[in-house]
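Chemist: What follows is a structure written as structure tokens; I'll ask about it next.
Nothing in this text is a laboratory measurement; each read-out follows from the coordinates by a stated rule. Since this is a predicted model, take the numbers as computed values, not measurements. Glycine gets a Cβ as well: all are built from the backbone with ideal geometry, and neighbour counts include every protein chain shown.
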Amino acid sequence: MRCTLQQDERSPGTEQEWIRRAVGHLAMARQGKPKGGNWEDLAFHAQQCAEFALKAVHQFRGLPFRRTHSIEELGSRLESEGIQVPDELREAAVLTRYAVRARYPGVGPAVTHRHVGRAVELAAGVLEWARNHLGGQLELVPEPPAERRPGDEPADRFPTPQPVEIFEFRSINYSKSDHRATVTINRPDVLNCLDFPTLREMSRAFEDASWDDSIRVVVLTGAGERAFCTGADLKEQAEHCLENPNAYWKWMGAFIEAHDRLRNIGKVTIARLNGIVVGGGNEFNMACDLAVMVEDAYIRHVGTARGSVPAGGATQWLPLIVGDRRAREILFLCEEIPAGKALEWGLVNCVVPRNKLDATVDELCEKLTNKLPECTRYAKQQLNFWRDFSWHLTVGHARDWLAIHNLSPEVIEGIRAFEEKRPVDYERLRKTIGDRTA
């Protein structure tokens, strides 16, 4: 059924279109969960209803606005003009949180029918207030907009940084203040190791920081005092990836994506090494531009001792950073590198007592904030040349080889030894390989 908009001669101009669109989105939000659809889509329509209603009032009042302005920004502008906004706007952030899930699947809180019900109530209240503000002169018969298909981006959206409260990450902490974004791997009980959800959340945080022009420095760190990051979550690997090449290939894709977003973030990045740095944790350390390490921590790679190849950054970048011979020593011997030696070898920029870690990082951030952002960004791009060159030539091949190698007895023994909290049985592996080649 076509939508009609009836009005009298005193009706306003193009605010009619905003109201018509708002009513259409409200109708879509009220229709119930469509077959093959999801609750996030309905929350998205509720958010659009409230946003378009507020834009109608801006249009009516002659107040300038951009198509990308959020509900919160629109409401704040009206209040600054002395216009009393509806009580429903006090919960506007709820609408934004629910809607962001539709734009970025897997980010933000899960949306249920209860959330949608509340979102519809809020949107309807904002729309009614807008109609009253316009004099109640619009008699509306809703015309639902074309159904939004999963993955479609609204036409009036553009890469825009979001308030950190929207994301509600579970495996990381994400904060932004004073031109600095901090991403904290928040899994201290498992030494901040990396499972698939953690990598996905890190990618989204890096993307948001990249989009935020107020951010000059990004700090990556780990929660607690024991570990910065200890690489892949071997419990998850045993459950999902062991002897399952396709599953590992997907996990490695998330690992690569997080690295690419961090390395190409367009800001200076600092690794705040608050504890031990192992395996993939050191690969994220090396992906950062600078590193500050506590004096009682160490760096270590264990891939060749545990059934893996550290080709997610270590084989590519260690020779560039510490030199070829030292890179081979690190990756073949799998021994701990104390903080002092890490500093001497160039793996970190400075080593400090634990009680001075934050002050040192803060000082670095302040110095970096007072630099020219575009010049810094391009200097970083140039400096990344050799890292990017070695990375892109090898990491795709490594992803496939490591996935297939999950069928190897070496990987199976390495992960089983970890699960059973025992040393790797190298002697049995040697005999197995010898019997196989005899």
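Chemist: Which of rounded, prolate or oblate describes region 213-290 when judged by the alpha-carbon gyration tensor and an a/c cut-off of 1.5?
Modeler: Judged from the Cα gyration tensor, region 213-290 comes out oblate (a/c at least 1.5, b/c at or above a/b).
Chemist: Which part of region 224-240 falls in the paramagnetic zone of Asp296, meaning amide N under 11 Å from the point 7 Å along Cα-to-beta-carbon?
Modeler: Those under the cut-off are 225-226.
Chemist: Using the beta-carbon distance between Glu72 and Glu17 and R0 = 22 Å, what value does 1/(1 + (r/R0)^6) give for FRET efficiency, to the nearest 0.05?
Modeler: Between Glu72 and Glu17 the formula returns 0.45.
Chemist: How do 328-335, 22-29 rank on mean C-beta neighbours within 10 Å, highest first?
Modeler: In decreasing order of mean packing, 328-335, 22-29 become 22-29, 328-335.
Chemist: For Trp249 and Asp189, what is the calculated FRET efficiency with R₀ set at 25 Å and r taken between the beta-carbons, to the nearest 0.05?
Modeler: The formula returns an efficiency of 0.35 here.
Chemist: Going down the table (Lys267/Lys380; Lys55/Lys176; Lys267/Lys371; Lys267/Lys341; Lys267/Lys367), which pairs top 20 Å between alpha carbons?
Modeler: With Cα atoms farther than 20 Å apart: Lys55/Lys176; Lys267/Lys341.
Chemist: Summing +1 for each Lys or Arg and -1 for each Asp or Glu, what net charge is found among the other residues whose Cβ lies under 13 Å from the Cβ of Tyr378?
Modeler: Combined, the nearby Lys, Arg, Asp and Glu give +3.
Chemist: Calculate how many DSSP beta bridges within region 169-407 are antiparallel, expressed in % of all such bridges and rounded to the nearest 5.
Modeler: For region 169-407, the DSSP antiparallel bridge percentage is about 25.
Chemist: Another question, then. When Lys and Arg each count +1 and Asp and Glu each count -1, what net charge do the other residues less than 14 Å away from Ala258, Cβ to Cβ, add up to?
Modeler: Value of the local net charge: -2.
Chemist: Just order 356-367, 420-431, 163-174 by mean Cβ neighbour count inside 10 Å, highest at the front, would you?
Modeler: Ranking the peptides 356-367, 420-431, 163-174 by packing returns 163-174, 356-367, 420-431.
Chemist: Could you please state, rounded to a whole Å, how far the C-alpha centre of region 174-216 is from the C-alpha centre of region 365-389?
Modeler: Comparing the Cα centres of region 174-216 and region 365-389, I get a distance of 19 Å.
Chemist: Sticking with this structure for a sec: Rounded to the nearest 0.05, what FRET efficiency do Ser390 and Phe65 have when you use their Cβ-Cβ distance and R0 = 45 Å? If you can, show how the numbers build up before the last one.
Modeler: Details: r = 47 Å, r/R0 = 1.05.
Here the calculated transfer efficiency is 0.45.
Chemist: Could you sort 228-234, 403-409 so that the peptide with the highest average Cβ count within 10 Å comes first and the rest follow in order?
Modeler: In decreasing order of mean packing, 228-234, 403-409 become 228-234, 403-409.
Chemist: Then there is this: What full-extension length gain, to one decimal in nm, is calculated for Leu320 and Ser408 as 0.36 nm per residue of separation minus the Cα-Cα distance?
Modeler: Here the answer is 28.7 nm.
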